[in-house]
Amino acid sequence: MWPNSSSTPFLLTGFLGSEAMHHWISVPFFIIYLSILFGNGTLLFLIQKDHGLHEPMYYFLAMLAGTDLGMTLTTMPTVLRVLWLNQREVAQHACFTQSYFIHTLAIVESGVLLTMAYDRFIAIRSPLRYNSILTNSQVMKVGLGVLMRGFVSIAPPILPLYWFPYCHSHVLSHAFCLHQDVMKLACTDITFNRVYPIILVALTIFLDALIIIFSYILILKTVMGIASAEERAKALNTCVSHISCVLVFYITVIGLTFIHRFGKHVPHVVHITMSYVYFLFPPFMNPIIYSIKTKQIQRSIIRLFSVHNRA
């Protein structure tokens, strides 16, 4: 039995001051939601069905699409429930569980982008050893390591939430549950819950970003050593999609971090908007980026529609 016996639910919040517009605001949210499901679902389907995409690069891309789907399915149902039905109540345990998956998947996505950088690093720095280094078993081990890092590292600050007594306001500032929102409602010492996430983000997301930057410095050094301009362009072109996804993810992460840490005087609507940009923009853009920039994905899409047209 949980030490915290309070059954008072938390209250989610939509766009304060714009409650009358919630139904209209929900329209673009729902369109983006469907687009994310369709785009990432299509990527997963193509990678599974097309044997030409059964390569380490696309296995990691499948992990990215799966992570984006997980993040969207974790957050959007409660968002749409608030915007459509004004159902703001969420049980405490359900809230803590949602918070756990939101933060876990953020760290997993950062780890997946790091593994994709490793894939490009090996492909360009050691192309002759690529298949021997990134075997199927190695890809599976790396993928499991990324998942384990996310799911294990987030548990320490989330588990205490189940034990904390909540005697302050039960109103959260978003239409989904975030650790930083929930912990502020506890009437107990939350020093660990304040410090641990800062250290964790520094050792995961920001460290991942630094390693990715360093890997691309080495990649660029290798590419500049290639004599043929055509071959240099071809090598760099294989990295464009990944670089674009990295920029989309880390720019939104950095923006949200700065808003939360240093934007005390910034209007509340800016905090809310940045949160939605962080949760929706990368999952929405990643399938588009890979569909536009990756010829193998384009060919697979054409083959898929050609088969359906012939049928």
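The values are calculated or read from the model by the stated rules, or taken from the named source; none is laboratory data. Please read all numbers here as calculations on a predicted model, not as lab measurements. Reconstructed Cβ throughout: ideal geometry from the backbone, glycine too, with neighbour counts over all protein chains shown.
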Using the structure shown, decide if A227 is over 26 Å from M274 (Cβ atoms), of a type in the set (A, V, I, L, M), assigned to a helix (DSSP H, G or I) and free of Cβ contacts under 8 Å to residues at least 24 places away in the same chain. no
Find all pairs meeting these conditions: Cβ atoms under 8 angstrom apart; at least six residues apart or on different chains; first residue within the range 247-270 and farther than 13 Å from S173 by Cβ; second residue charged (D, E, K, R) and surrounded by 13 or more Cβ atoms within 10 Å (Cβ to Cβ). F249/E109
Hey, does the range 107-128 have a residue that's of a type outside the set (S, T, N, Q), over 30 Å from S26 (Cβ atoms), free of Cβ contacts under 8 Å to residues at least 60 places away in the same chain and out of contact with any Pro (no Cβ under 9 Å at 6 or more places or on another chain)? yes
Criterion first (among the aromatic types (F, W, Y), farther than 17 Å from L114 by Cα and modelled with pLDDT under 80) does F305 satisfy it? yes
Of all residues being under 24 Å from G70 (Cβ atoms) and loosely packed, with under 15 Cβ neighbours inside 10 Å in the range 280-295, which is farthest from the chain's Cα centre (by Cα)? Just the residue, please. I292
